[in-house]
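What follows is a short report on a single structure.
Just so you know, all these numbers are worked out from the coordinates, no wet-lab data involved. All of these numbers come straight from a predicted model, not from anything done at the bench. We place every Cβ from the backbone using ideal geometry, glycine too, and count neighbours over all the protein chains shown.
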Amino acid sequence: MLEEILKSIVEMEEEEAVKKAKEYLDGGGDPQKLLEVCRDAMGEVGSRFEKGEYFLSELILGGEIFRQIMEFTLPKLQSGSVKKIGKIVLGTVKEDVHNIGKDIFKVFAEASGFEVIDLGIDTPEEKFVEAVKEHKPDIVGMSCLITAGVTSMKKTVDKLKEAGLRDSVKIIIGGGRVDESVKEFAGADAWADDAAKGVRLCKQLIGVEG
Amino acid sequence: MVSNAKELAEKRMARLMAAINLEEPDKVPLAGVGGDIVPAYAGISMYEYCYDVEKAVKATEKFIKDFPCDWPFAASVVGLDGRVFNVAFSEFPDICINLTFITGPMHDALGDKYYRYPGREISPDSSPQFIGGAFMEADEYDKLIADPVKFIAETVLPRACRNLETPRKAMAAMVRLGREISNFNALMGQIVGKMIENGYPAMALGGAYAPLDLIGDFLRGVENLLLDIRRCPEKVKAAAEALVEPIMNYALAHKSIGANLAFIPLHLNEYLSPKLYKEFYWPTLKEVIERLVKEGFKVMVFFEGKHDAHLETILELPKGWGVAYFEKTDVVKAKEVLKGHTCVMGGIPMGLIVGGTPAQIDEYVKNLLEKVKPGGGFILAPGVGTAPRETPLENIKALVEAVEKYG
């Protein structure tokens, strides 16, 4: 059964996947095992994306299937029983109001076992600084779509430096318009222009197998 | 007035047209940067640039004077894509062509939920941004298919625009919108005047849209549409087909202003696998382009993101159809595939202009032009034209100078 659920998710059979996951739980299946299978499936979706076999539409649909299954699976899990591999403070940077890239990344990061604190869009530098102080994340993830976001990323890194917090976190930037030179410019540790790569790099940044 | 303005404009125009017609120009044409840097360079806020005609004209003139290029494509317009309004007004050729760009004041008049403007929903220094949204339900495809213009004008827009919610509100909104169209045309008239004075070709640009993008950007929202493609594929396909006619009506209305280049910015292209692209996106887009070409237009398509997986489909278009403007697709590879068939545009990553040094930019342009210059049919341009306000000016200068040297 779990094998079939995994296959349905990976093959983008939305209805089938959700139906089978429900049946599995209704039949007394272990929600922890279901969660693990869903995570494996999302990992496979991500890796197919990185190989060029899947595209953004599959990432989004995969995320949607995962979200639907989690809706009825997570309440069945005992709190604290879900192991987290790391914590990410995530936001779309100041002056940018786009959320789609950030949200795709978030689903995949959560599916990989990260706890994600989502600061939303148009996030002021200070809000990132406060969130780092409060949540002590392993990673700060900054997203932008518009080119103006690139300078907001740099300013946010600078503010983290000023606050003496830069060395306590790894910083990854993401979005359609970031690249190696933007990473250098902003002073980040890694960059990704897709969610699958972003999550893989996050794992590498905290020393977990990617 | 630049003393030899007319001559300079003719030279630049010839350069561009040679590239578009797949010939080798005297020099590789450069389409320059624009965006946030334009108001920043003039010392005004983004809000002023979007709302104050006089200041916007001055800022534009200062920028195109100090950072010359062959085609100030990205620096010439202050507005966000308004293709849903073009379709809504597509039965009225005199009106529909005026709504390709929704300016800040038009956004105020409409009270729409598609855009965010500086000094309104976002800070005065922020770039104007399009965020789209979902203003049509999944079970409404049949209505869209049956009469797309009626459905968009009478059902979608009243949901998407606060000031069109009721007929009595809409009356006032339309009067205001009309006033802002006049203001925008006056602004564009002044900007074109400044371009001519400064030796730039005055090119009337037309427009069209990929039918599926219209659904994703303005009706269902991108994520919903991607799910619809799986959940109700036949309806999505039929809806895209139904939108071809109104989009053509809008596109052909540009004949009246003498436009012979139609601009189509794409959005969903990089979201789709080759299979989905070929089934849902490309057939109707291809039809729009082919019909425009038959009507005597050249078409310029902006392929957002990475278009590598779909590159070969461009060869299905008639040779010399127009310009393929790429954002992140490798233009060297693209030119390899498309040479002798399609003019290729792009090549400069904005990250390099923002984060690089003048020496790096010089080196980059030199290497790139060595590969793409031979044989012509190439326009050098930033992958996205919007340069952030902190973009180092010496880097923009370096780009201009490098093209001067190696073009």
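Laid out as a table, the results:
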| quantity | calculated |
| --- | --- |
| For the stretch B:1-159, the Rg and Dmax computed from alpha carbons only, in angstrom | 19.5, 61 |
| Dimensions (Å) - the stretch B:171-211, Cα atoms, principal axes, largest first | 42, 29, 7 |
| Rounded Å value of the spacing that divides the Cα centres of the stretch B:133-151 and the stretch B:62-124 | 25 |
| HN-Hα J in Hz across the stretch B:210-222 - Karplus 6.51, -1.76, 1.60, θ = phi - 60°, x for Gly and Pro | 6, x, 5, 5, 4, 5, x, 7, 10, 10, 9, x, 4 |
| Residue-averaged beta-carbon neighbours from other chains (10 angstrom radius) around B:221-234 | 3 |
| Backbone HN-Hα couplings from phi across the stretch A:148-153 [Karplus 6.51/-1.76/1.60, Hz, Gly and Pro as x] | 4, x, 4, 6, 4, 4 |
| When chain B is reduced to its Cα atoms, the Kirkwood hydrodynamic radius in Å | 21.7 |
| Taking the stretch B:155-303 and dividing mean pair separation by its residue count, relative contact order in percent (alpha carbons under 8 Å, at least six apart) | 26 |
| Cα-based equivalent ellipsoid, the protein assembly as shown: semi-axes from gyration tensor eigenvalues, Å | 39, 29, 24 |
| Spacing of the two label points (7 Å from each Cα toward its C-beta) at B:Asp330 and B:Val192, in nm | 4.1 |
| The protein assembly as shown, helix-only ellipticity at 222 nm - DSSP H runs n ≥ 4, -39,500 (n - 2.57), divided by all residues, nearest 500 | -15000 deg cm²/dmol |
| Cα-based radius of gyration of the stretch B:189-266 once divided by 2.2 N^0.38 Å, which approximates compact folds | 1.49 |
| Chain B: angle of helix B:53-66 to the longest principal axis, Cα-based, in degrees nearest 10 | 30 |
| Helix B:233-252 vs. chain B, principal-axis angle (Cα, 0 to 90°, nearest 10) | 60 |
| Protection proxy ranking, peptides B:382-391, A:28-37, A:153-162, average beta carbon neighbours within 10 Å, highest first | B:382-391, A:153-162, A:28-37 |
| Degrees separating the helix B:5-20 axis from the principal Cα axis of chain B, which is the longest one | 70 |
| A:Ile85 paired with A:Lys7, simple spin-label distance in nm, labels 7 Å along Cα-to-beta-carbon | 2.6 |
| log₁₀ of I(q)/I(0) at q = 0.22, 0.23 Å⁻¹ - the stretch A:2-76, Debye sum with one point per alpha carbon | -0.88, -0.95 |
| Projected-area average for the stretch A:86-205 over all orientations - Cα convex hull basis, square nanometres | 5.8 |
| Peptide-level mean, for A:144-155, of C-beta atoms on other protein chains within 10 Å | 6 |
| Principal axes of the stretch B:129-187: Cα extent on each, largest first, Å | 41, 28, 19 |
| Selected from A:Ala163, A:Ala17, A:Ala192 as most flexible by GNM, with chain A as the system and alpha-carbon contacts under 10 Å | A:Ala163 |
| Residue with peak Gaussian network fluctuation, chain B [Cα springs, cutoff 10 Å], from B:Leu80, B:Leu393, B:Leu214 | B:Leu393 |
| Rg/Rh for the stretch B:100-216, where both radii come from Cα atoms and Rh is the Kirkwood radius | 1.03 |
| Shielding of A:56-63 by partner chains, average beta-carbon count, 10 Å | 6 |
| Cβ crowding within 10 Å averaged over residues, with B:367-377, B:394-404, A:98-108 ranked highest first | A:98-108, B:394-404, B:367-377 |
| Values of log10 I(q)/I(0), in the order q = 0.24, 0.25 Å⁻¹, for the stretch A:55-140 under a Debye, Cα-only, solvent-free model | -1.21, -1.23 |
| Inter-label distance, nm, simple model (7 Å from Cα along the C-beta direction), B:Glu24/B:Thr166 | 6.8 |
| Alpha-carbon spread of the stretch B:279-407, three principal axes, descending order, Å | 43, 30, 27 |
| Cα shape, chain A, gyration tensor, a/c 1.5 rule | prolate |
| Long-range amide H partners of B:Gly207 with built H, under 5 Å | B:Phe263 |
| FRET efficiency, A:Glu115 to B:Gln360 (Cβ-Cβ, R0 51 Å, nearest 0.05) | 0.85 |
